[in-house]
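Enquirer: The structure under discussion is supplied below as structure tokens; questions concerning it will follow.
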Amino acid sequence: DTAVSQTPKYLVTQMGNDKSIKCEQNLGHDTMYWYKQDSKKFLKIMFSYNNKELIINETVPNRFSPKSPDKAHLNLHINSLELGDSAVYFCASSLRQGEKPQHFGDGTRLSIL
Amino acid sequence: KQEVTQIPAALSVPEGENLVLNCSFTDSAIYNLQWFRQDPGKGLTSLLLIQSSQREQTSGRLNASLDKSSGRSTLYIAASQPGDSATYLCAASTGGGNKLTFGTGTQLKVEL
């Protein structure tokens, strides 16, 4: 199936740990994004990459480091996890830098104990 | 800084009713306006995208309009069905279309 897929779907971990979330799209899109949806369901962009190049970084703490090995993948690594990092993280992709609709993955629910 | 507001926050209607969801944005210099639906535990599904030069877009029972000058968009759903129950989000894009600023959503419930 063509889609944006994220792994893992659920992530439960202790405060202070380091974790990664992976995202892959097989839609042939050239732009990928990471969003954070908080407990009040508010969705906010974190990062955007176009052809492996960072184009949006929305004042996210530098504990969050995105990595795009190729234009089909955008991974998110988080160091020293904090309670406030608990949220649902969504990966998305689009064609031609936003001219076309963004396609979203099903999200990764991160819970910090 | 773009701010997007959606009214109402929640809406419950009987099946078959036509309804309108509202979205307003503070910065009219948008690239496009997008409507999404989100089902519980799922990601967002794109419904309609209106380019800044367009006034409306239609897909099936859905019609979205855009009035840039007043900073408003509406999503019209005709003949609502229980399967339409979801949270509907609008998003205004800037930065060449890359940066989406989302509203807080309207949670719709269509009852039998």
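We did not get these values from a lab; they are worked out from the coordinates using the rules stated. Everything numeric in this text was worked out from a predicted model, so none of it was measured. Methodologically, a virtual Cβ is constructed for each residue, glycine included, from the backbone with ideal geometry; neighbour enumeration extends over all protein chains shown.
Enquirer: Considering only DSSP beta bridges whose two residues both sit in chain B, what percent are antiparallel, to the nearest 5?
Expert: If we restrict to bridges inside chain B, about 90 percent are antiparallel.
Enquirer: What residue among A:SER111, A:SER65, A:CYS23 has its Cα farthest toward the positive end of the dipole of chain A, where the charges are +1 on Lys, Arg and -1 on Asp, Glu, each on the Cβ?
Expert: A:SER111
Enquirer: Let me ask another. Apply the Debye scattering formula to the protein assembly as shown, with a single equal point scatterer on each alpha-carbon and no solvent, then give log10 I(q)/I(0) at q = 0.09, 0.10, 0.15 Å⁻¹.
Expert: Those come out to -0.36, -0.45, -0.98, one per q.
Enquirer: If you put +1 on each Lys and Arg Cβ and -1 on each Asp and Glu Cβ, how big is the dipole of chain B around its Cα centre, in Debye rounded to 20?
Expert: Dipole magnitude for chain B comes out near 320 debye.
Enquirer: I need the trypsin sites (Lys or Arg not before Pro) found in the stretch A:2-45, filtered to DSSP loop residues with at most 14 other beta carbons within 10 Å of theirs. Each step should come with its number before you reach the end.
Expert: Details: sites: A:LYS9, A:LYS19, A:LYS22, A:LYS36, A:LYS40, A:LYS41, A:LYS44; in loops: A:LYS9, A:LYS40, A:LYS41.
Qualifying residues, ordered by number: A:LYS9, A:LYS40, A:LYS41.
Enquirer: Mind telling me which of B:ALA92, B:ALA64, B:ALA78 comes out most flexible in a GNM of chain B, alpha-carbon contacts under 10 Å?
Expert: Per the Cα network of chain B with a 10 Å cutoff, B:ALA78 tops the list.
Enquirer: I've got another one for you. Extending each Cα 7 Å along its Cβ direction at B:ALA9 and B:SER52, get the distance between those two points in nm, one decimal.
Expert: Calculated label separation equals 3.2 nm.
Enquirer: How many percent of the alpha carbon pairs in the stretch A:1-95 exceed a separation of 16 Å?
Expert: 53 percent
Enquirer: Now for a different question. Kindly flag which residue pairs out of A:LYS71/B:LYS109; A:LYS44/B:LYS68; A:LYS19/B:LYS109; A:LYS52/B:LYS109 have an alpha-carbon separation exceeding 32 Å in this structure.
Expert: Too far apart for the 32 Å limit: A:LYS71/B:LYS109; A:LYS19/B:LYS109; A:LYS52/B:LYS109.
Enquirer: If you put +1 on each Lys and Arg Cβ and -1 on each Asp and Glu Cβ, how big is the dipole of the protein assembly as shown around its Cα centre, in Debye rounded to 20?
Expert: Result for the protein assembly as shown is approximately 300 debye, rounded to the nearest 20.
Enquirer: Given A:TYR33, A:ILE56, B:GLN81, which one lies farthest toward the positive end of the charge dipole of the protein assembly as shown, if we put +1 on the Cβ of every Lys and Arg and -1 on the Cβ of every Asp and Glu?
Expert: A:ILE56
Enquirer: If the only charges are +1 at each Lys and Arg Cβ and -1 at each Asp and Glu Cβ, what is the size of the charge dipole of chain A around the Cα centre, to the nearest 20 debye?
Expert: It comes to approximately 160 debye.
Enquirer: Right, something else. Which is the longest part of chain B that has none of the trypsin sites (Lys or Arg not before Pro) sitting in a DSSP loop with at most 11 other Cβ atoms within 10 Å?
Expert: By the stated rule (loop sites, at most 11 other Cβ atoms within 10 Å), B:56-112.
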